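Notes for the one structure printed next.
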Amino acid sequence: MIGVVKIGGAEGNKLGTLMSELAARVAGGEKWILVHGASGIMDRLCRERGVEIRMVTSPSCYRSRYVGEKERELFREAALAYGAKISDTLASFGASSEFLDPEKTKGVFAERKDILREYSGGRTRILRGNYSGTISGVSSEKILAVAEGGRIPILPPLGLDNTSKLSLNIDGDRLAASVAGSVRADILVILSNVPGLMKDVNDPDSLIRTRTSVGSWEKFEEYAAGNMKRKLLACREAFNLGVSSIYLADGRIPLPLKNAEEGNGTCLTL
Ligand code: ADP
């Protein structure tokens, strides 16, 4: 059994609950790969260093961060710092891990999105000089070698740009989907600060437990706004790559993986 779990990078995320569960599962023989975000630490670093945080909404309503040269360096610093914190937390529960920096492993590649389109006030503007990337390739070899050795591979939201040889920030949810596809994972769990996809984001009782209960993917996706839209895109990509169990679930509670598997989040394959 091999699983992929993504944890958000928002500040205040409690790492202990997931890390203790992962440590116990890996000790019991399961293989897990951890993908993380870095948004919270990035925002904090920007505030500390006086760098403006610039979020951009595209004409198709996807939100992303504008990343100039300064922001690219800060994002890498944030991703490395959060990865180190995760690794330390796993170690405190007796699990060993390996942080896979794409600049060293050459395992995750990205293509630079030099231009971002910003839709605001009924108009679309073109922003140039952006340094975030779209995932262009994931190699499963190194990831699997670490997992086979009983350690937990930790993947930051970074991809190596073959042209510039720089690591660019990429979307962590979509990275988790690509990794799950490339290692032929049995399960993908995307954890965040909500119980799953809800019909009404302010009403936890409106949780959609199974995607198929609302009909088509399109109908299901209509419920998502903001950052949830990209999570659903990631889930759909994983589905198309053949991942057979995909969950969106709550990362703030004890035993978040068990909670997801027991049907207390949104299952996207049922
Ligand atoms: P993370 O940083 O942990 O990856 P995000 O903040 O990026 O998490 O994404 C989760 C957010 O998506 C929620 O906090 C919520 O505000 C937003 N959201 C929008 N629509 C929905 C919905 N229908 N159901 C649940 N969450 C939603």
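The values are calculated or read from the model by the stated rules, or taken from the named source; none is laboratory data. A quick note: this is a predicted structure, and the numbers were derived from the prediction, not measured. Virtual Cβ from ideal backbone geometry, glycine too; neighbours counted across all protein chains shown. Note: areas computed on protein heavy atoms with side chains; ligands, DNA, RNA excluded. Shrake-Rupley method; radii C 1.70, N 1.55, O 1.52, S 1.80 Å.
One table, with the values for the structure above:
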quantity	calculated
Spans of helices (runs of 4 or more DSSP H) in region 94-208 with at least 3 residues surrounded by 24 or more Cβ atoms within 10 Å (Cβ to Cβ)	172-182
Filter result for TYR82 (farther than 27 Å from ALA185 by Cα and crowded, with 16+ Cβ neighbours inside 10 Å)	no
Candidates ARG54, ARG25, filtered to the one that is over 26 Å from SER136 (Cα atoms) and either in contact (Cβ under 8 Å) with a residue 24 or more places away in the chain or out of contact with any strand residue (DSSP E or B) (no Cβ under 6 Å at 6 or more places or on another chain) (or both)	ARG25
Tally of residues being hydroxyl-bearing (Ser, Thr, Tyr) and more than 8 Å from the ligand (Cβ to nearest atom) across region 223-236	0
Every residue from region 222-270 that is surrounded by fewer than 21 Cβ atoms within 10 Å (Cβ to Cβ), among the charged types (D, E, K, R) and within 17 Å of the chain's Cα centre (by Cα)	LYS229, ARG230, ARG236, GLU237, ASP250, ARG252
Subset of region 16-39 (residues that are open to solvent by less than 10 Å² (accessible area, probe 1.4 Å), part of a helix (DSSP H, G or I) and within 16 Å of the ligand (Cβ to nearest atom))	LEU18, MET19
Selection count, region 193-222, where residues are near the ligand (Cβ under 10 Å from one of its atoms), touching a strand residue (DSSP E or B) at 6+ places or on another chain (Cβ under 7 Å) and not aliphatic (A, V, I, L, M)	4
Region 240-264 - residue that is among the charged types (D, E, K, R) and away from the ligand (no atom under 13 Å from the Cβ) and, of those, nearest to GLU21 (Cα to Cα)	LYS258
Filter pass, VAL5 being surrounded by 22 or more Cβ atoms within 10 Å (Cβ to Cβ) and in contact with a Ser or Thr (Cβ under 7 Å, 6 or more places away or on another chain)	no
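Okay, residues lined up against (1) without any contact (Cβ under 8 Å) to a residue 24 or more places away in the chain; (2) within 25 Å of VAL138 (Cα to Cα); (3) in contact with a Cys (Cβ under 9 Å, 6 or more places away or on another chain):
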site: LEU160; (1), (2), (3): no, yes, no
site: SER164; (1), (2), (3): no, yes, no
site: LEU168; (1), (2), (3): no, yes, no
site: GLY172; (1), (2), (3): no, yes, no
site: GLY196; (1), (2), (3): no, no, yes
site: VAL201; (1), (2), (3): no, no, no
site: LEU233; (1), (2), (3): no, yes, no
site: ILE246; (1), (2), (3): no, yes, yes
site: ASP250; (1), (2), (3): no, no, no
